[in-house]
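Written out below as structure tokens is the structure these notes cover.
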Amino acid sequence: MENDKPKDDVYSMLSESGYADKAIEYFQNRNNLGIIENADHCTDLTGPCGDTMKVTMNVKGDRIEDVKIQVMGCPGAVASGSAAVALAKGRTLDEAESLTLDELYGELEKMPDQKVHCARLAIKTLQKAVIQYREQHLSRAANEH
Ligand code: FES
């Protein structure tokens, strides 16, 4: 964590509303955000609040080689989604599916209490992506026999 970075307005607003530096860093980390072109798999999920997350990922064997998330939602959703895919990258499908809210929150360090559901949506979107990938991959493999 670099403490000598200039603190911009967005940083100040998020910091004052209860986001840890780590969560703000994830919010601003463009490496995790967006869409992978020609990805092996794409899944989206809309939460009860109306916000939507879209996961694209490339999988080799049972390992997630690359994964990104596009978030149409609040800063909590963006930070959570970004941290969730950072944690999932390089893991097996099973490991990514079993990522917990506690683990994600541990990574983000701190967000406002009312943002727990945003982190939950990130976890659910990732889990849905893994489950759908398995279903589609397995059914394709089964059809080839
Ligand atoms: Fe909808 Fe944060 S308010 S995910």
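Here 47, 61 are screened, and the one residue that is over 18 Å from residue 31 (Cα atoms) and at pLDDT below 95 is 61.
Within the range 1-91, considering only strands (runs of 3 or more DSSP E) that don't extend past its boundaries, which have at least 3 residues that are within 16 Å of the ligand (Cβ to nearest atom) and open to solvent by 20 Å² or more (accessible area, probe 1.4 Å)?
Numbers: elements: 41-46, 52-60, 63-72.
Counting at least 3 such residues, we get 41-46, 63-72.
What are the residues in the range 29-84 that are under 26 Å from residue 18 (Cβ atoms) and of a type in the set (Asp, Glu), if any? Listed by number, the list holds a single entry, 51. List every residue pair whose Cβ atoms lie under 7 Å apart, where the two residues are 6 or more positions apart in sequence or sit on different chains, the first residue falls within the range 6-25 and is free of Cβ contacts under 8 Å to residues at least 24 places away in the same chain, and the second residue, located anywhere, is surrounded by 14 or more Cβ atoms within 10 Å (Cβ to Cβ). Correct list of pairs: 11/24; 15/24. When residues in the range 92-120 are screened for being within 16 Å of the ligand (Cβ to nearest atom), open to solvent by 60 Å² or more (accessible area, probe 1.4 Å) and part of a helix (DSSP H, G or I), 4 of them pass.
Output yes when any residue across the range 135-143 is open to solvent by 20 Å² or more (accessible area, probe 1.4 Å), touching a strand residue (DSSP E or B) at 6+ places or on another chain (Cβ under 9 Å) and more than 14 Å from the ligand (Cβ to nearest atom), and no when none is. Before the answer, list the steps.
So in the range 135-143, the residues open to solvent by 20 Å² or more (accessible area, probe 1.4 Å) come out as 135-143.
Now restrict to residues that are touching a strand residue (DSSP E or B) at 6+ places or on another chain (Cβ under 9 Å): 136-137.
Filter again for more than 14 Å from the ligand (Cβ to nearest atom), leaving 136-137.
Checked against the condition, which is being open to solvent by 20 Å² or more (accessible area, probe 1.4 Å), touching a strand residue (DSSP E or B) at 6+ places or on another chain (Cβ under 9 Å) and more than 14 Å from the ligand (Cβ to nearest atom), the range 135-143 yields at least one hit.
The values are calculated or read from the model by the stated rules, or taken from the named source; none is laboratory data. In this text the structure is predicted, and so the values were computed from the model without any measurement. In this analysis, Cβ positions are derived from the backbone assuming ideal geometry, glycine residues included, and neighbour counts consider all displayed protein chains. Please note that ligands, DNA and RNA were not included when accessible areas were found on the heavy atoms of the full protein model with its side chains. Shrake-Rupley method; radii C 1.70, N 1.55, O 1.52, S 1.80 Å.
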